[in-house]
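Following: one structure in C-alpha cells, then a few remarks.
The values are calculated or read from the model by the stated rules, or taken from the named source; none is laboratory data. The structure displayed is predicted, hence computed values, not measured ones. In this analysis, Cβ positions are derived from the backbone assuming ideal geometry, glycine residues included, and neighbour counts consider all displayed protein chains. The area values use the complete protein model at the heavy-atom level, side chains included, leaving out ligands, DNA and RNA. Shrake-Rupley method; radii C 1.70, N 1.55, O 1.52, S 1.80 Å.
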Amino acid sequence: VLQLGFNSIGADGAKALAAALTSGNFSRLEHLDLACNVLGPDGVAALAPLLDPIHTDDLDESDEADDGASSSDKSDEKRVAGLYSLDLAVNNAGGDCERGGIRALMKALERNTSLRMLNLRGNDLTPEHAGDVAEMLCENVTLTQLNVGYNKIYNEGAWELAEALSENPSLLGLDIQRNEISDDGAEWIRGLLAANSIIEEVDMRSNQLSPEVVESFGKSFGERVNARWQQEPPKVEKNDENMATQRTMVGEGGGRVAAKKAERAARKAARRAARGR
C-alpha cells in the first residue's frame, strides 16, 4: 500500500512517481492512494503506464514464490500482478473540460486485468469524460468497483455508463452520486439494472430524482439502488439554453443520443469482428 493523498502532488510529481514505479519492480504494490492532490489532466495521464499489464516474465523468483504462497491461502483465483485499487479522487482530472488525462487512463485500463477498484470522485468529469469511461467499460472485464460521484456527468453521462455496462460482466458497484441526474437519466439506470444482473449496487444519492422515481426504484430493485437524499433541481434561466441542454436527456428518437448510439454500436461491431465473434 502506498498512501500519498493530501500532499499537493502535481503533474511533475506524478510523472516522477510513475517513472520510479515503472522502472523498478512494483508488482507487489496493490493499492495506490493519490486522492486530494493537484494532478490535473497531465498528472493523471502520466499515471497510465502503471496500468499496463505486467507479464510473468517481469516477476522475479521471490515475487513468484510469495504469490504462490499467498494463493494457497485464498479460495479465489490467483490475482494478476499489478495495481488492485487506484484512488484519484479530487484531482481536477477533468479540469477545463480537458479529456487527455482521462482518455489516457481509460485506454490503459482497456488492456488492464489487475485493477478492481477505481475512484474518480470529484474530478469535474463531464458527459464527454463519461463517454471515455464508457468506452473502457466496453473492453475491461475485471474492474468491479467504479466511483464517478460528485462530478458533472448529468443525464447524458448516465446514459453513456448505462449503455456500456449493459454488457459488462464484472462491475459490481457503480457510484454516481451528486451528478445532477434527473428522472430522465434514472430511466437509463433502470434499464441497466434490468439488463445486467451482475451489478449489485448503484449509488444515486444526492441527485435530482423525484420521490416517485425513488420509490419505484426501491420497489423494483431493493438494495441494488441507493437513492436517498435527493436534491432539488437547479433553477435554470430561460435564456440559458446551453446549460439546460447539458442537463436534459435528448429524446430517444433523435439528437445526440441517437448519434452516439449509432457510433457506439459501430465500434462494438468492429471490435467483435476483429475478435472473430
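Quick notes on this structure:
- Scan of region 89-148 for residues that are among the aliphatic types (A, V, I, L, M), touching a Gly at 6+ places or on another chain (Cβ under 6 Å) and under 25 Å from Asn196 (Cα atoms), ordered by number: Leu125, Ala130
- Against the test of being at pLDDT 95 or above and among the acidic types (Asp, Glu), the options Asp67, Asp58, Asp42 yield a single qualifying residue, Asp42.
- Only residues that are farther than 13 Å from Glu163 by Cα, assigned to a helix (DSSP H, G or I) and modelled with pLDDT under 75 were counted in region 262-276, giving 2.
- Pair list, Cβ < 6 Å and 6+ apart or interchain, from region 122-136 residues that are closer than 12 Å to Val148 by Cα to residues that are open to solvent by 20 Å² or more (accessible area, probe 1.4 Å) and among the aromatic types (Phe, Trp, Tyr): Gly122/Tyr150
- Leading residue by the ranking (least open to solvent (accessible area, probe 1.4 Å)) among those in region 16-36 that are in contact with an Asp or Glu (Cβ under 6 Å, 6 or more places away or on another chain) and modelled with pLDDT of 95 or more: Ala35
- In region 13-58, residue nearest to Glu110 (Cα to Cα) [restricted to those that are touching a residue at least 24 places away in the same chain (Cβ under 8 Å) and charged (D, E, K, R)]: Asp52
- Positions within region 182-200 being in contact with a strand residue (DSSP E or B) (Cβ under 8 Å, 6 or more places away or on another chain) and under 22 Å from Lys152 (Cβ atoms), in sequence order: Ile189, Leu192
Table: residues versus (1) closer than 27 Å to Ser85 by Cβ; (2) polar (S, T, N, Q).
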{"position": "Glu135", "(1), (2)": "yes, no"}
{"position": "Glu156", "(1), (2)": "no, no"}
{"position": "Glu160", "(1), (2)": "yes, no"}
{"position": "Arg178", "(1), (2)": "yes, no"}
{"position": "Arg190", "(1), (2)": "no, no"}
{"position": "Ile199", "(1), (2)": "yes, no"}
{"position": "Lys219", "(1), (2)": "no, no"}
{"position": "Glu223", "(1), (2)": "yes, no"}
{"position": "Gln231", "(1), (2)": "no, yes"}
